[in-house]
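**Q** I'd like to ask you about the structure that follows.
The values are calculated or read from the model by the stated rules, or taken from the named source; none is laboratory data. Not measured: the values here are computed from a predicted model. Using ideal geometry, Cβ is built from the backbone for each residue, glycine included, and neighbour counts are taken over all protein chains shown. In case anyone asks, the SASA skips ligands and DNA or RNA and just uses the protein heavy atoms, side chains included. Shrake-Rupley method; radii C 1.70, N 1.55, O 1.52, S 1.80 Å.
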Amino acid sequence: MNRCDWVTEDPLYISYHDHEWGMPEYDRLKLFEMLCLEGMQAGLSWITILKRRESYREAFDHFKPELISQYDEKKVETLMQNEGIIRHRGKIEAIITNAKAFLEIEKEEPFSTFIWRFVGGEPIVHHFESSSEVPSSSLISKEMSKVLKKKGFKFVGETICYAYMQATGMVNDHLTSCDCYKKTID
């Protein structure tokens, strides 16, 4: 199978690339989870986070914002001792802050509707032949970052937002030579 050239031989990475990355995602909890995990990646490689994803799910109540928004300092201290996640206080507190901001948005509209509006509700399909053509941010990710920060989200810079858009299929950045490229546009 032809894959994007950033994919390693790691079976977890291959599965993620082949079945998740770039596939349009509309489920509110999955969108929230990916936004949090992309923020956790800041300064790290994605595989580092991907290998800890199940630990994150267990530690953060499967990314249910209604539960996370209630976390207190005692819970933060417990999370700081969890060796299965990245023990960075700012990143842990950001997930809690983001849960609260997520719920505020959902008082007005579904988060999926809100976040997909940045791309007009449809995936943007790029036609990149080489990884060197794939940007690390865009005007849309810059705007998304600005709006999310204004709404109280943390760890949502324009590069994180672009990676989030790629991961959730808001943009299709599979290389045209990748077998998943066609699969995501059919």
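**Q** Which of the residues belonging to region 136-145 are surrounded by 14 or more Cβ atoms within 10 Å (Cβ to Cβ) and not in a helix (DSSP H, G or I)?
**A** Selection gives Ser137, Ser138.
**Q** Right, here's the next one. Quick one: in region 146-166, which of the residues that are part of a helix (DSSP H, G or I) and open to solvent by less than 10 Å² (accessible area, probe 1.4 Å) is nearest to Leu35 (Cα to Cα)?
**A** Only one residue fits best here, namely Tyr164.
Yes/no per residue for (1) out of contact with any helix residue (DSSP H, G or I) (no Cβ under 6 Å at 6 or more places or on another chain); (2) under 27 Å from Cys180 (Cβ atoms); (3) of a type in the set (Val, Ile, Thr):
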position	(1), (2), (3)
Leu103	no, no, no
Glu108	yes, no, no
Thr113	yes, yes, yes
Gly120	yes, yes, no
Pro123	yes, yes, no
His126	yes, yes, no
Glu133	yes, yes, no
Ser141	no, yes, no
Lys146	yes, no, no
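**Q** Find the helices (runs of 4 or more DSSP H) located wholly in region 1-116 whose residues include 3 or more that are on the phi < 0 side of the Ramachandran plot and hydrophobic (A, V, I, L, M, F, W, C), and list them.
**A** 28-40, 46-50, 73-80, 89-106, 111-116
**Q** Going through region 30-71 one residue at a time, which ones are of a type outside the set (Lys, Arg) and open to solvent by 50 Å² or more (accessible area, probe 1.4 Å)?
**A** The answer is Gly43, Leu44, Ser45, Glu54, Glu58, Asp61, His62, Glu66, Leu67, Gln70.
**Q** Under the condition of being without any contact (Cβ under 8 Å) to a residue 40 or more places away in the chain and over 20 Å from Arg52 (Cβ atoms), which residue from region 72-104 is most open to solvent (accessible area, probe 1.4 Å)?
**A** Restricting to residues being without any contact (Cβ under 8 Å) to a residue 40 or more places away in the chain and over 20 Å from Arg52 (Cβ atoms), the top hit is Lys74.
Quick grid of which residues meet (1) aliphatic (A, V, I, L, M); (2) out of contact with any Asp or Glu (no Cβ under 7 Å at 6 or more places or on another chain):
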{"site": "Ile115", "(1), (2)": "yes, yes"}
{"site": "Val125", "(1), (2)": "yes, yes"}
{"site": "Ser130", "(1), (2)": "no, yes"}
{"site": "Val134", "(1), (2)": "yes, no"}
{"site": "His174", "(1), (2)": "no, yes"}
{"site": "Asp179", "(1), (2)": "no, yes"}
{"site": "Thr184", "(1), (2)": "no, yes"}
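**Q** Could you run through region 4-22 and say how many residues are open to solvent by 40 Å² or more (accessible area, probe 1.4 Å) and within 16 Å of Met165 (Cα to Cα)?
**A** Summing the residues that are open to solvent by 40 Å² or more (accessible area, probe 1.4 Å) and within 16 Å of Met165 (Cα to Cα) in region 4-22 gives 2.
**Q** Would you check which residues across region 105-133 are surrounded by fewer than 15 Cβ atoms within 10 Å (Cβ to Cβ), within 19 Å of Pro65 (Cα to Cα) and either acidic (Asp, Glu) or in contact (Cβ under 8 Å) with a residue 24 or more places away in the chain (or both) and list them?
**A** Residues satisfying the conditions are Glu108, Glu109, Pro110.
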